[in-house]
1. Among what's in the range 97-113 and is touching a helix residue (DSSP H, G or I) at 6+ places or on another chain (Cβ under 8 Å) and over 19 Å from Asp23 (Cβ atoms), pick the residue that is surrounded by the fewest Cβ atoms within 10 Å (Cβ to Cβ).
2. Among the residues of the range 64-88, which ones are open to solvent by less than 50 Å² (accessible area, probe 1.4 Å), under 18 Å from the mean Cα position of the chain (by Cα) and hydrophobic (A, V, I, L, M, F, W, C)?
3. Those residues that are in a strand (DSSP E or B), of a type in the set (A, V, I, L, M) and either loosely packed, with under 12 Cβ neighbours inside 10 Å or touching a residue at least 40 places away in the same chain (Cβ under 8 Å) (or both), I need them from the range 20-53; list them, please.
4. If the Cβ limit is 9 Å and pairs must be 6+ apart or interchain, which residue in the range 110-137 that is of a type in the set (Ser, Thr, Tyr) pairs with which residue that is open to solvent by 30 Å² or more (accessible area, probe 1.4 Å)?
5. Scan the range 121-132 residue by residue and report those that are within 25 Å of Gly89 (Cβ to Cβ) and out of contact with any Gly (no Cβ under 7 Å at 6 or more places or on another chain).
6. Taking the range 127-149, which residues are farther than 16 Å from Ser100 by Cα and outside any strand (DSSP E or B)?
7. Out of the range 114-145, which residues are surrounded by 18 or more Cβ atoms within 10 Å (Cβ to Cβ) and of a type in the set (A, V, I, L, M, F, W, C)?
8. Counting only residues that are within 22 Å of Phe106 (Cα to Cα) and of a type in the set (D, E, K, R), how many does the range 42-81 have?
Amino acid sequence: MTEDARFEDARGGALNLGALDLDDLQVISGLSQDAIFPITEMKWQKGARRFALLLNRFRWEDAGAGRHAPERVQSVLVIDNVLGVASQGIDRSDPDVILSLLTVTFEPGEDAAGHVLLTLAGDGAIRLEVEALDVTLKDVTRPYVAPSGKAPHHDV
């Protein structure tokens, strides 16, 4: 019998991180690397100038990973101050598409403005024009055993 993972069992508990600069964004990018999400779980709230993704994030920060099966957790990645959204390499007509997030980066523009780039596996990308960098990553469920039972693999 397998028991679901619990926040209490995890070292450090749920993440709730914000990024207002490039260094902080690198941390969020690393923690959200290899997160997967259905295409239906990305939303742009134009009036609120907010873009959000509900991710199934691999728990890279889990210090106890050697003692138990690899875990994922559902997290919300929110980008605020969004003025426009563009994407490439994504078939938005198919609601069954599952996307995999590789990196979250920032391309500075004038003043505090620029573009947040969400690079996806398979040559897809989402480019968000932002007035200023403001990104949040927050865990919203308890950790659960990764369905594959494995950590994501990277070719070196």
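1. Here the residue is Ile98.
2. Val73, Val76, Leu77, Val78, Ile79, Val82
3. Kept after step one, since they are in a strand (DSSP E or B), are these residues of the range 20-53: 35-38, 42-45, 50-53.
Now restrict to residues that are of a type in the set (A, V, I, L, M): 35-36, 42, 52-53.
Listed by number, the residues that qualify are Ala35, Ile36, Met42, Leu53.
4. Thr119/Leu102; Thr119/Thr103; Thr119/Thr105; Thr136/Asn16; Thr136/Leu17; Thr136/Gly18; Thr136/Val76
5. Restricting attention to the range 121-132, the residues satisfying the condition of being within 25 Å of Gly89 (Cβ to Cβ) are 121-130.
Answer for the range 121-132, where residues must be within 25 Å of Gly89 (Cβ to Cβ) and out of contact with any Gly (no Cβ under 7 Å at 6 or more places or on another chain): Ala121, Ile126, Arg127, Leu128.
6. Correct list: Glu131, Ala132, Leu133, Asp134, Val140, Thr141, Arg142, Pro143, Gly149.
7. Scanning the range 114-145 gives Val116, Leu118, Leu120, Ile126, Leu128, Val130, Leu133, Val135, Leu137.
8. Adding up the residues that qualify gives 6.
The values are calculated or read from the model by the stated rules, or taken from the named source; none is laboratory data. Remember, predicted model here, so these are calculated numbers, not experimental data. We place every Cβ from the backbone using ideal geometry, glycine too, and count neighbours over all the protein chains shown. What goes into the accessible areas is simple: the full protein's heavy atoms, side chains included, and nothing from ligands, DNA or RNA. Shrake-Rupley method; radii C 1.70, N 1.55, O 1.52, S 1.80 Å.
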